[in-house]
Structure formats: C-alpha cells, structure tokens
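Everything on this sheet refers to the single structure shown next.
A short reminder: the numbers here are calculations on the coordinates, not readings from a lab. Small disclaimer: the values here were computed from a predicted structure and weren't measured. Cβ: placed from backbone, ideal geometry, glycine included. Neighbour counts: every protein chain shown.
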Ligand SMILES: [Zn+2]
C-alpha cells in the first residue's frame, strides 16, 4: 500500500499514535499535526516549536503505525 495514500485514509491513526517533540517535548498527536511526507521521508512538524520530527512506519500489512526515529535532543 502506498504510504502517502494510507496516511490520508488512516482515520485510526490518532488512536494509536502520540509523539513527543524532540526539541520542546510537546505531546503531539496526528490531530495536532498531520504527518507529512517530504523528500527525506515521513515526519510531523511540531505545532509548538516548528521542529521537524522524523517518523517511520512500523505497522505491518495495511496497518500504519508511525514511530519516532530520533531520541529527544
Ligand atoms: Zn516542539
């Protein structure tokens, strides 16, 4: 499944994903900041400080589970 398409249709995403901004430690859900795909991969932009936080999909099959890659700074 195409990840970008899957993200758009992943309504369950907010129930399974919560991230901590690596710079300001804000708790961010997909409701706060939808994941985006750019040239470097999947990420979300922190709504509080604007930091780009890298994500990777660890879901299996058609499931989308986006986990943070980087530890807090
Ligand atoms: Zn932040």
Checklist entry - Of the listed peptides 43-51, 57-65, what is their order by residue-averaged count of other C-beta atoms within 10 Å, with the highest listed first? => result 43-51, 57-65
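Taking a ≥ b ≥ c as the square roots of the eigenvalues of the Cα gyration tensor of the range 34-73, is the shape rounded (a/c under 1.5), prolate (a/b larger than b/c) or oblate?
On the way: a/c = 2.12, a/b = 1.72, b/c = 1.24.
It comes out prolate by the Cα gyration axes.
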Item to check | Computed label-point distance, nm, for sites residue 73 and residue 29 using a 7 Å Cα→Cβ extension | outcome: 2.6 nm
